[in-house]
Amino acid sequence: MSTRTIMIFPEFENIDVINDIREKYDPLADLVLPHITLVFPFDSELTNEELKLHLIKCLINIKPFTVKLEGFSKQENIYGNYLFLNVVQGRDEIKNIHDNLYKAKLKQFDVGNDYVPHMTVGKISAKEMLDKACDDVNKCKDKFSAVINKISVEMIGEHEESIIIIEHELN
């Protein structure tokens with residue numbers, strides 16, 4: 001059984017700005033491209049073919065849409081201290097996709113947390129460092145925009161690396 005997750009990988013023209021921030025603050029920066037997580041890591045007996053069929057069913061009415069990200073926020077929870085790049089356009093579409101994917105075959109993996117669309121750009125060990133990192137990234141006034149036309153399923157490799165196993169085109 002492998003750990004998988006479902007994500008959006010936006011293709012921003014200025015992605016290098018996000019990559020620079022992630023290199024500084026995100027321990028996963030070298031392992032996975034900048035992304036918006038739709039379904040958090042899960043272990044399931046579902047085959048990739050079954051998962052692909054689930055995507056087709058859940059995403060049948062989803063058309064390509066624009067996302068815009070700007071501004072940063074921080075979140076502290078039981079999983080750690082995080083820096084987020086905020087989604088300011090496309091939130092409803094992303095939330096709808098998230099909710100649809102957690103139905104039926106993936107329902108058991110929904111832990112019931114209130115989902116807020118975002119892009120994680122940092123995971124910081126100590127709260128004091130989180131506050132400083134948040135102040136630092138908020139100096140960045142860049143805006144990021146992309147059309148989302150595919151949803152990807154990633155398998156997390158044995159060294160935490162990202163391996164894309166399914167790409168579903170929105171149409």
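Overview of results
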read-out	value
Binned Cα-Cα distance frequencies in the range 65-140 - 10 Å width, integer %	18, 40, 32, 10, 0
Whole-Hz couplings from phi, Karplus 6.51/-1.76/1.60, listed for the range 118-124; x for Gly and Pro	6, 10, 6, 10, x, 10, 10
Cα-Cα over 29 Å, subset of K24/K107; K24/K141; K74/K105	K24/K107; K74/K105
Residues of the range 1-138: accessible area per residue with a 1.4 Å probe, Å²	55 Å²
Probe 1.4 Å - accessible area at Y79, Å² to nearest ten	130 Å²
Debye, to nearest 20: dipole size of the chain, +1 on Lys, Arg Cβ, -1 on Asp, Glu Cβ	600 debye
V116 long-range amide H proximity, modeled H, under 5 Å	none
Calculated FRET value between E169 and Q75, using beta carbons and R₀ = 25 Å, to 0.05	0.20
Summed side-chain charge close to V137 - residues other than V137 whose Cβ falls under 15 Å, Lys, Arg +1, Asp, Glu -1	-1
Dipole of the chain, positive direction: furthest Cα of L130, V153, F72, with charges on the beta-carbon	F72
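The values are calculated or read from the model by the stated rules, or taken from the named source; none is laboratory data. Just so it is clear, the structure is predicted and the values come from calculations on it, not from any experiment. When we count neighbours, we look across all protein chains shown, and the Cβ atoms used for this are built from the backbone with ideal geometry, even at glycine. Ligands, DNA and RNA are stripped out before the accessible areas are found, and what is left, the full protein with its side chains, is counted by its heavy atoms. Shrake-Rupley method; radii C 1.70, N 1.55, O 1.52, S 1.80 Å.
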